[in-house]
Each structure stands twice: as structure tokens, then as C-alpha cells.
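Chemist: Have a look at this one.
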Amino acid sequence: MPVPLLDLRAQHATIRDDVVSKLLDLVDSQLFILGAPVEALERQVAELSHTRYAVGCASGTDALLLALRALDAGRGDEVITTPFTFFATAGTIHNVGATPVFVDIDPETFNIRPDLAAAARTSKTKAVVPVDLFGQMAAVEQIAAALPGIPVVEDAAQSIGARRSIDGEWRMAGEVATIGTFSFFPSKNLGGYGDGGMMVTHDEAIAARLKRLRMHGGAKQYFHDEVGFNSRLDALQAAVLSAKLPHLAGWSAKRRENAKYYDAALAGIAGVRTPVIDRANESIFNQYTIRAERRDDLQSFLKERGIGTSIYYPLPLHLQPCFEYLGYKRGSCPESERAAEEVLSLPIYPELTHAQLDEVIDGVRAFYGR
């Protein structure tokens, strides 16, 4: 039985009528740039994230870029982040003219270590960008406390709807940071029909500047306070996302249910370590990522059985050729390097049947001779 890593058609079949209805209304209106659909989604995401403001943009990458620009990160500045993440996290730091400073991860959660982030602070530190990897929030409050006075840009591209217990209260992804950033890439838990992104904040001045930056730096057409970008969230994407958003909590709950099923079935297999979720966190499991001995052989074995997997991420950012100029060597971030050699993400999407989950489990067990 083939089991794809992700099956967006299965999801679409459950919401097709709602999405098509919203798209047809928008096509009939012929109003495609910003406008009411984007404003409605911004209100919905701000409410979900428990923030005062949300500002849509063209992609999750642009959300990071605009956030850093809104904080005036640029030439001569340093921005602390993790090397075990998607390229955009550090690529945007480079593209605003700042220098990425990589610090290592916790080997259990894969998220940046607050103590190492604090140790990396210098007089040039402009911001810190923790990543909520695989749907589990980073310890954003600990990072903020460890670097007082330094703005926190939470890369929440994989964690919309995730939450973390802080001082006995549930806080949402994006809520605690100076700016939180989301991606609506189709493979995300809340994915559009193309690229899209969003930034959330409690700061009125930051929100106003983000709105200017996404519109060539001007709050008024043809008048420009600064040089910005063309990074508007398409109304078409906003319509799709508004139709999907009411389903997000249920989809995330089903992902957690699937994760528990995997956890129980894969426990005790020598050579496999199931994901570790911080007791303070409720993950949305954008990915279900195991550590596996002979990882590459396991992936090939599963592929032969028609089971989709992926490696997020095979080479940490501090070792990427484009960042060679920073001077990092192998061994600089040993936990990130070790994770890159061991991680393998299994299918976790909410539409998986028990038969499909069992197919994946049987494949892993067969490889390790269990």
C-alpha cells in the first residue's frame, strides 16, 4: 500500500465546496490585491495568535525579511539563529545585510538552546531568530529572558496554532515574540494554493511599518517613506486560507493522535528514537521526525515499499557553501550536525488511515528486524 509523505488531494476533498465557493466569489469581484479577504484573514490570524496585529505578505521568507527590516537589522549587525532549519531563516538575515550567528540546538527538541544564544551575544547583536521546528515552539520566553533588550523574531513557519505553557498560561506561537512570522506554503498545516506569509505583533508602530514595507515603503500610494518591497498577500490565497482556518485545530489534533500512534508502535525498536516534546509544549506536528540508525538505508528501504519520507535537513546551514565566509567548521555545532545525519520525517498528515499508519510502522519494523 503506497503511503505518500503528504496527500493534499485527500485534504482538498474534505473542504472543496467551501474553498471553491470563496474563490468564485473573489473571481466575480475582480478585486485581487489586498482588500477585504486579506483584512479578514489578518483578523483571524491575530485572534488565533493572541496578538493585536497581523500583517499578510507574499511568503514565509518575506515575513522574516520584512520583520528584520522593521527592526532595522542591516550592515554591521549580527542576528543569532539556529543552523538546523530551512534556509530562509538565515538567508533573510544575510539578505538584509546582517551577519548570521549560528548557535547549536537541544538534541531532543531540535530547537535553539537559550543559554548558547545568550553566550553568543555581542555589542553587534541586533535580534535573535528562534525557530519552532517541526511544529514545536522554541522556549521563546527563556530566549527573551536570556537576551534582555534584544528583539525576538519567532520563525513560526511550521507552528501556527502550536502553544506553550508559560507561567501557567497557554501562549500561542507568535504571541510572546517581538514579531512572529508564519508561512502558508502548501505543505504547512495551514497551507495555501501557492506562497503566502504573515507577521504578528503587539506593537502598533511595528505593525504600521510592516504594512508600509510590504507596499514599497509607503502608507499612501505613490508616496514612499522608505524603500520597501512588493510583498502583498494575494487575495486569492487569503480566501483559500480563510476557508481552511476553521479546520486547523481539528487537523492539528489528528496529527497529534497520529504521533501518539507512532510513538506507541515504534517504542523499543533499537535504532529508532521517536520525537521528544517539551512537557510545556503542545506541538502541531508539522513533521513527525525520528532519529534513525542507518537513516539513509532506512529511507531507501521505505521508498521501495512505496512509503514517502523526507530529510529535514541534510546539511546544517553553518556548513552550507554560501556561508563559508562566516568561518564555521565541522564540529562548530555538533548537535545540529548529528541531527542532520540521523533525522527522518515520516507521513503524519491528518487524513492518514490506520492501515496507512500500520504500513509505515511495519516498514520501519521490518528494516530493523522486529
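Each value in this text was obtained by applying a stated rule to the coordinates, not by laboratory testing. Keep in mind that what you see is a predicted model, and the values were worked out from it rather than measured. Glycine gets a Cβ as well: all are built from the backbone with ideal geometry, and neighbour counts include every protein chain shown.
Chemist: Can you return the aspartates and glutamates within cross-link range of Lys220? Criterion is Cα-Cα under 18 Å, with same-chain partners fewer than 8 residues away left out.
Modeler: Hits, sequence-local ones excluded: Glu39, Glu204.
Chemist: Just from its helices, what would the mean residue ellipticity at 222 nm be for the chain, if runs of 4 or more DSSP H residues each count -39500 (n - 2.57) and the sum is divided by every residue, rounded to the nearest 500 deg cm²/dmol?
Modeler: Here the helix-only value at 222 nm equals -11500 deg cm²/dmol.
Chemist: Here's a follow-up. A 19 angstrom limit on the alpha carbon distance is what I want to check against. Which of Lys188/Lys244; Lys22/Lys244; Lys126/Lys329 exceed it?
Modeler: Checking Cα-Cα distances, Lys126/Lys329 exceed 19 Å.
Chemist: Cα gyration tensor of the chain, axes a ≥ b ≥ c as square roots of the eigenvalues: rounded (a/c below 1.5), prolate (a/b > b/c) or oblate?
Modeler: Here the chain falls in the oblate category.
Chemist: Output the antiparallel fraction of DSSP beta bridges having both residues in the chain, as a percent to the nearest 5.
Modeler: Around 65 percent antiparallel, to the nearest 5.
Chemist: OK, next. Considering only the other residues whose Cβ falls under 11 Å of the Cβ of Ala36, what net charge follows from Lys and Arg at +1 and Asp and Glu at -1?
Modeler: On the way: positive: Arg43; negative: Asp25, Glu39, Glu42.
Net charge in that neighbourhood comes out at -2.
Chemist: Determine the distance separating the Cα centre of the stretch 139-200 from the Cα centre of the stretch 279-349; give it in Å without decimals.
Modeler: Measuring centre to centre over Cα atoms gives 21 Å.
Chemist: If you don't mind, another one. Under a point spin-label approximation (7 Å from Cα along Cα-to-Cβ), what is the Lys260-Glu341 distance to one decimal in nm?
Modeler: My value for the distance between the label points is 3.6 nm.
Chemist: Roughly what % antiparallel, to the nearest 5, for the DSSP beta bridges in the stretch 121-191? Show your work: numbers first, answer last.
Modeler: Details: 4 of 9 bridges.
Antiparallel bridges make up about 45 percent of those DSSP assigns within the stretch 121-191.
Chemist: Where does the charge balance sit around Val3 when Lys and Arg score +1, Asp and Glu -1, over other residues with C-beta under 12 Å from its C-beta?
Modeler: That works out to -3.
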